[in-house]
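Working notes, beginning with the structure itself.
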Amino acid sequence: MNWYANFFRPEKLLGRFQAEGALPDSQEVMRKVISVAWPAVLESFLVALVAFVDNIMVSGLGAYAVAAVGLTTQPKFIAFAFFISLNVATSALVARRKGEGDRDAANRTLKQILVIMAVLLVVVTVVFVAAAEPLLRFVGAQDDTIGPATDYFRVIMGFSFFTLISMTINAAQRGVGNTKIAMRTNLISNIVNVFFNYLLIHGNFGFPALGVKGAAIATVIGSAFACVISIASVCNPEGYLYLFYEKGIKFDKKTLRSVADLASSTLAEQIFMRIGFLLFTMVVSNLGTQAYAAHQVGMNCMHLSFAFGDGFNVAAVSLVGQSLGAKRKDLAAMYGSACQRFGMTCSFVMCLFFALLGETLFSFFFVEREIIAMGGKITKILAVMLFLQIRQVITAGCLKGAGDTRFVAKVAFLSVTIIRPLGAWLFCYPLGLGLIGAWAGTLIDQSVRCILNSMRFATGKWSKIDI
């Protein structure tokens, strides 16, 4: 393992930065990154795996059911855009305050964001539950999918407060490096979800067979378990984050200004991304139910691989933010680069997995030979895409941890909102490549984001941002 330790030698990881003090050795760098990242990797992988299993269980109802559940993904994330942006701000600010040694400010930040989130939650829930059917028709739901898709979406959005409260608290825990709590909440949530899927989709052990709606109810029950565990994690006075650290809720201008600045940039990024993903979904959904079902399974495969990028993204946000809070730009650069190198290693492993087992994975979902063959082609594109995808996700985490959210938003606008849907449409229809064309458009999008985010990280401008 000496060559691998040399791969993480601090002097190599600094890039254009100069050491500002004592540096840890290679083993310490690797240990610290892994200690923060592995629970987040496992958490994200389990979430993706359960979504994968969900689709296998739903696929027993037919391709329409897989397509119906898949069609709700982008509308759901459009609804969640406000909350995701608040969560990015939460992680970055709490990490920075911990690095500064200001526990009071870290706890005030969490409490203020929870109040803001609660107000937004009421409005978003009412609007999206009411607009479920026309919204899903707009994104491309066909006559055979609109009914189950609407049922699924209304249940998920009607009880979304369980998911969103848990997400916000877990974002704060990740900021202080406590990724194990988020892992535990999602592990238990996923086990509960799969158990109730088994009971409610096909009606086992005397439970009603609710089909796609049963899958939604199972997801809500799992989210409720996660919410309770997350709340309990900030009710322990021994924890760094403790909701009752101070009595009452005190709003302060500095925190609100920082939240507004970071969240507004991230919200713009989320809006750009969701518009792009929505347009992309509309391009693919017009290829028909079978093609969209194959695409949905391909996206599940992508999310499995994304688990590694997401895990080291979490580590990057936490370690970069804490290092900058401690006034050590060199350590921020070092840990950011280390996260990227771990991601490179994971990319290679996942590349081999999908290149060799693509059609086998699709055979768990479908019996139609045409769809399975299409899946084999999709996963070969995914095998190439992984290196770009994981790299750009981790590098974006480094930038967000530093508060450089505006740049990330600009990249999202260019690449996700414009390049991905336009490229997908061009390859799908004028060039006649169908579903494979849509994935070619995705490959171009990932390439652009990887290049631009990596160039930004290399300049070091992100290290000069004050939040």
Going by the structure shown, is G175 in contact with a Gly (Cβ under 8 Å, 6 or more places away or on another chain), under 29 Å from I467 (Cβ atoms) and either free of Cβ contacts under 8 Å to residues at least 12 places away in the same chain or surrounded by 23 or more Cβ atoms within 10 Å (Cβ to Cβ) (or both)? yes
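Of all residues in segment 255-281 being polar (S, T, N, Q) and within 12 Å of R406 (Cα to Cα), which is surrounded by the most Cβ atoms within 10 Å (Cβ to Cβ)?
Filtering segment 255-281 down to residues polar (S, T, N, Q) leaves 255, 258, 264-266, 270, 281.
Filter once more, so that each one left must be within 12 Å of R406 (Cα to Cα): 264-266, 270.
Numbers: S264: 15, S265: 22, T266: 25, Q270: 22.
Top of the filtered list is T266.
State whether one or more residues within segment 194-203 are without any contact (Cβ under 8 Å) to a residue 40 or more places away in the chain and assigned to a loop (DSSP other than H, G, I, E, B). Break it down stepwise before answering.
So in segment 194-203, the residues without any contact (Cβ under 8 Å) to a residue 40 or more places away in the chain come out as 195-196, 199-200, 203.
Filter once more, so that each one left must be assigned to a loop (DSSP other than H, G, I, E, B): 203.
Yes, the conditions are met somewhere in segment 194-203.
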Given (1) part of a helix (DSSP H, G or I); (2) in contact (Cβ under 8 Å) with a residue 40 or more places away in the chain; (3) crowded, with 17+ Cβ neighbours inside 10 Å, index of the condition A383 fails: (2)
If the requirement is being surrounded by fewer than 21 Cβ atoms within 10 Å (Cβ to Cβ) and assigned to a helix (DSSP H, G or I), which of these qualifies: L287, L324, L356? L356
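Is at least one residue of segment 74-82 more than 21 Å from V129 (Cβ to Cβ) and modelled with pLDDT under 80? Outline the logic, then answer.
So the first thing to find is which residues in segment 74-82 are more than 21 Å from V129 (Cβ to Cβ), and the list is none.
No - not one qualifying residue is present in segment 74-82.
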Would you check if K247 is closer than 22 Å to F82 by Cα and out of contact with any helix residue (DSSP H, G or I) (no Cβ under 9 Å at 6 or more places or on another chain)? no
Scan segment 158-170 and tell me whether some residue there is over 30 Å from R97 (Cβ atoms) and assigned to a helix (DSSP H, G or I). yes
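Does T417 qualify as being under 19 Å from L278 (Cβ atoms) and polar (S, T, N, Q)?
Yes.
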Here are the criteria: (1) modelled with pLDDT of 90 or more; (2) in a helix (DSSP H, G or I). Tell me which single one A182 does not satisfy. (1)
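It is to be established whether one or more residues within segment 444-451 are among the charged types (D, E, K, R), buried (at least 23 other Cβ atoms within 10 Å of the Cβ) and farther than 22 Å from K377 by Cβ. Steps first, answer last, please.
The initial filter retains those residues of segment 444-451 that are among the charged types (D, E, K, R), namely 445, 449.
Now restrict to residues that are buried (at least 23 other Cβ atoms within 10 Å of the Cβ): 445, 449.
Next, only the ones that are farther than 22 Å from K377 by Cβ stay: 449.
Yes - at least one qualifying residue is present in segment 444-451.
Here are I275, I271: which of them is under 30 Å from V176 (Cβ atoms) and among the aliphatic types (A, V, I, L, M)? Outline the logic, then answer.
Values: I275 fails: under 30 Å from V176 (Cβ atoms).
Checking each option against the conditions leaves just I271.
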Please determine, by comparing only the residues of segment 167-224 that are among the polar types (S, T, N, Q) and touching a Ser or Thr at 6+ places or on another chain (Cβ under 7 Å), which one is nearest to L42 (Cα to Cα). T185
Scan segment 424-443 residue by residue and report those that are over 23 Å from the mean Cα position of the chain (by Cα), part of a helix (DSSP H, G or I) and either surrounded by fewer than 20 Cβ atoms within 10 Å (Cβ to Cβ) or not aliphatic (A, V, I, L, M) (or both). W425, L426, F427, C428, I436, G437
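Yes or no, residue by residue, for (1) modelled with pLDDT of 90 or more; (2) among the β-branched types (V, I, T); (3) in a helix (DSSP H, G or I):
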{"position": "S85", "(1), (2), (3)": "no, no, yes"}
{"position": "V88", "(1), (2), (3)": "no, yes, yes"}
{"position": "A92", "(1), (2), (3)": "no, no, yes"}
{"position": "A95", "(1), (2), (3)": "no, no, yes"}
{"position": "D104", "(1), (2), (3)": "no, no, yes"}
{"position": "L114", "(1), (2), (3)": "yes, no, yes"}
{"position": "V123", "(1), (2), (3)": "yes, yes, yes"}
{"position": "V126", "(1), (2), (3)": "yes, yes, yes"}
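The values are calculated or read from the model by the stated rules, or taken from the named source; none is laboratory data. These numbers come from a predicted model, not from an experiment. Methodologically, a virtual Cβ is constructed for each residue, glycine included, from the backbone with ideal geometry; neighbour enumeration extends over all protein chains shown.
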